[in-house]
Structures are given as C-alpha cells and as structure tokens.
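Notes to accompany the following structure.
The values are calculated or read from the model by the stated rules, or taken from the named source; none is laboratory data. On a predicted model such as this, the values are computed, not experimentally measured, just so you know. We place every Cβ from the backbone using ideal geometry, glycine too, and count neighbours over all the protein chains shown.
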Amino acid sequence: GAVVSQHPSWVICKSGTSVKIECRSLDFQATTMFWYRQFPKQSLMLMATSNEGSKATYEQGVEKDKFLINHASLTLSTLTVTSAHPEDSSFYICSARETNTGELFFGEGSRLTVL
Amino acid sequence: AQSVTQLGSHVSVSEGALVLLRCNYSSSVPPYLFWYVQYPNQGLQLLLKYTSAATLVKGINGFEAEFKKSETSFHLTKPSAHMSDAAEYFCAVSRGGGSNYKLTFGKGTLLTVNP
C-alpha cells in the first residue's frame, strides 16, 4: 500500500533552535498534504493544509511564522518549527492525499522534544 | 461546521468479547466518516470509511461500522476482541472528498483488552 514517511521520527532540540520535519509520499504523488499536532492522550488538531506550489493554508490560531510549511514538490512537504520552545514539544503527524485517487495516508509521526 | 463526539475515552473488554466504540457526528452536509487506529508513537491507520454508499461498512482486522443517519452515529464494532486490538481509536468526519479532504477528529477512545 501507499506509504508516507516522516523524518525524523524523534528529535530533541534546545530552546531557540529551529527544527525541520519532512513528510514524503514514497510511491504516489500528493498535491495536498496536511500537518497535525497531537498532545499526549489527545486528538489530532489540524495545523495547516499544504498545497504543492502554493502557500499553505493555516488553521485559526496557528502561527504561520512559527510553523513554516513548504510543499516544493509533489512528494515532499516540510514543517519547520522556528525558534522552538518547550511548549512546542508535541507529536507532529502529516497526511498526504493521493492526487489520482483522493485517498489519504498518514505518516508515522515525529515526536519533538524541546529542552 | 463539523464535529465528532466519541463517547467514552477508555473502553476495556476481555479477550473474545464484543468491542463497541461509539461515535456521533454533527455535519451540515452529508458526511464522510472514518475510523482510524493508532498504536503508541505511531501514525494513524485507516480501519474503514463511509462515503455515502452502503451504510454497513466492513474494514480491516474484522472491524465494521454502521452509518445511522437518524441517530447521527457511526459506531465501530468487532465481534471478538483480540489482544492486538489494544490501541487508540479515532473517529473522524469530513465534508467529502473534494480537493482538501479536511478531517475533524474525535478525542479518541483507548481500547484495552484483558486476557
């Protein structure tokens, strides 16, 4: 089946640094990808919709300057957490919508810990 | 606006017993409904989905769900629980396929299976 890969799976960084998380669709093209944030024992909250070749659409309350999203190709979207702080620590999950079928596939998630 | 309510944040069953995870939705348009499973520190895996075809939907791992418009429900069931079913389950709703395919998730139900 279709695979969506996230990298890194785990990352620990110091407060004030920036961290980039990649989301790749390995065997299909994805015009649209989604980024979610999940706090411990809670649901997934949609952060933004990433569209290839255009600016991402952010959900209300999500700081676009804080969470930079780039969708430069049909198989790759990146989320950069800028000037990370401990409150940014979370599990970040991406999903990719297959362009041809419309099916949605989720990545394995990336756990960010900011010290 | 759309929303999903999962009744019961934690359900515990014995191995071999019936699994019933409840989900009620609210949507201003005919919804698409989904059930996902999440194992610890992993992404989401689609169990099944309802997209306005048959109201009884069969998914993977022996799970099924029935769409009941009159009750605005989409409960997930499995006749006989297995130890490997222990995980977090999320019900989700979207407005349809479309070009964005945004999902709104419920808060999740943790299923534990006792030997």
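Couple of notes before you dig in:
- Subset tally (residues that are farther than 16 Å from residue B:42 by Cβ and among the aromatic types (Phe, Trp, Tyr)) for the stretch A:1-29: 1
- Among the residues of the stretch B:25-36, those that are of a type in the set (S, T, N, Q) and either within 13 Å of residue B:66 (Cβ to Cβ) or not in a strand (DSSP E or B) (or both) comprise B:27, B:28.
- Flag for residue B:43 being touching an Asp or Glu at 6+ places or on another chain (Cβ under 6 Å), buried (at least 21 other Cβ atoms within 10 Å of the Cβ) and within 14 Å of another protein chain (Cβ to nearest Cβ): yes
- Looking only at the stretch B:90-114, and only at residues there that are more than 11 Å from chain A (Cβ to nearest Cβ) and modelled with pLDDT of 95 or more, the one that is surrounded by the fewest Cβ atoms within 10 Å (Cβ to Cβ): B:114
- Scanning the stretch A:73-111 for residues that are within 18 Å of residue A:8 (Cβ to Cβ), away from every other protein chain (no Cβ under 12 Å) and not β-branched (Val, Ile, Thr) returns A:76, A:77, A:79, A:84, A:88, A:89, A:90.
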